[in-house]
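Sharing a structure with you now.
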Amino acid sequence: QVQLVESVGGLVQAGDSLRLSCAASGRTFSSAAMAWFRQAPGKEREFVAAIGWRYNTAYTDSVKGRFTVSRDNAKNTVYLQMNSLKPEDTAVYYCAASDRVQLVARRDYYQYWGQGTQVTVSS
């Protein structure tokens, strides 16, 4: 059974940094795309960042230059380093993994999902 387990998020102040991790078990995703999505209250779940097996990356415009996605294939883990956090980054953050290799921002591209972790940024 495939499981994706995110690290605990937290409550931080605007301008702070936070790193999320997502450990996969049940199969290896070293040759597949992994991604982060987030969902703010009352809003749709949206794409944040993705990383491919060649370590190629993609980001939504609102986080470019502030967030960095990375992966450690030996640990079957993906990370999201979030710097210069803003109140509008407040959301539940979800890790996702696909059976395919392309970097895609659509939710339905990803077959496996973590349970989500809350990140709250106070002003």
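The values are calculated or read from the model by the stated rules, or taken from the named source; none is laboratory data. Every value quoted in this text rests on a predicted model; they were computed, and no experiment measured them. Cβ: placed from backbone, ideal geometry, glycine included. Neighbour counts: every protein chain shown. Areas reflect the complete protein model, heavy atoms only, side chains present, ligands, DNA and RNA absent. Shrake-Rupley method; radii C 1.70, N 1.55, O 1.52, S 1.80 Å.
Is there a residue being in a loop (DSSP other than H, G, I, E, B), closer than 19 Å to Y109 by Cβ, out of contact with any helix residue (DSSP H, G or I) (no Cβ under 8 Å at 6 or more places or on another chain) and not aliphatic (A, V, I, L, M) anywhere in region 2-9?
First, the residues of region 2-9 that are in a loop (DSSP other than H, G, I, E, B): 2, 7-9.
This time we only want the ones that are closer than 19 Å to Y109 by Cβ, so: 2.
So of that shortlist, the ones also out of contact with any helix residue (DSSP H, G or I) (no Cβ under 8 Å at 6 or more places or on another chain) come out as 2.
Imposing the further condition that a residue be not aliphatic (A, V, I, L, M) reduces the set to none.
No: zero hits.
Can you run down the residue pairs with Cβ atoms below 7 Å, 6 or more apart or on separate chains, where the first is in region 103-120 and more than 26 Å from G10 (Cα to Cα) and the partner is in a strand (DSSP E or B) and open to solvent by less than 90 Å² (accessible area, probe 1.4 Å)?
What qualifies is L103/A50; L103/A58.
Still on this structure: Test L85 against the criterion of being assigned to a loop (DSSP other than H, G, I, E, B), within 25 Å of T120 (Cα to Cα) and touching a strand residue (DSSP E or B) at 6+ places or on another chain (Cβ under 6 Å), and give yes or no. Steps first, answer last, please.
On the way: assigned to a loop (DSSP other than H, G, I, E, B): yes; within 25 Å of T120 (Cα to Cα): yes; touching a strand residue (DSSP E or B) at 6+ places or on another chain (Cβ under 6 Å): yes.
When the stated conditions are applied, L85 passes them.
For region 72-100, how many residues meet the condition of being touching a residue at least 40 places away in the same chain (Cβ under 8 Å), more than 14 Å from S17 (Cα to Cα) and not acidic (D, E)?
Of the residues in that region, 14 qualify.
Further question on the same structure: Across region 55-108, which residue is least open to solvent (accessible area, probe 1.4 Å) among those that are among the charged types (D, E, K, R) and under 19 Å from R27 (Cβ atoms)?
We begin by selecting, within region 55-108, every residue among the charged types (D, E, K, R); these are 61, 64, 66, 71-72, 75, 86, 88-89, 99-100, 106-108.
If we keep only those that are under 19 Å from R27 (Cβ atoms) too, we end up with 71-72, 75, 99-100.
On the way: R71: 23, D72: 47, K75: 132, D99: 78, R100: 113 Å².
Selected residue: R71.
What tally of residues in region 15-39 results from selecting those that are surrounded by 14 or more Cβ atoms within 10 Å (Cβ to Cβ) and among the small types (G, A, S)?
Total meeting the criteria: 6.
OK, next. Exactly one condition in (1) open to solvent by less than 60 Å² (accessible area, probe 1.4 Å); (2) touching a strand residue (DSSP E or B) at 6+ places or on another chain (Cβ under 6 Å) is false for L11; which is it?
If we test L11 against (1) open to solvent by less than 60 Å² (accessible area, probe 1.4 Å); (2) touching a strand residue (DSSP E or B) at 6+ places or on another chain (Cβ under 6 Å), just (1) comes out false.
Take the residues of region 57-79 that are of a type in the set (S, T, N, Q) and in a strand (DSSP E or B): which is farthest from Y94 (Cα to Cα)? Before you say what the answer is, go through the steps one by one.
Restricting attention to region 57-79, the residues satisfying the condition of being of a type in the set (S, T, N, Q) are 57, 60, 62, 68, 70, 73, 76-77.
Of the ones still in play, those that are also in a strand (DSSP E or B) are 57, 68, 70, 77.
Working: T57: 17, T68: 15, S70: 15, T77: 13 Å.
The qualifying residue farthest from Y94 (Cα to Cα) is T57.
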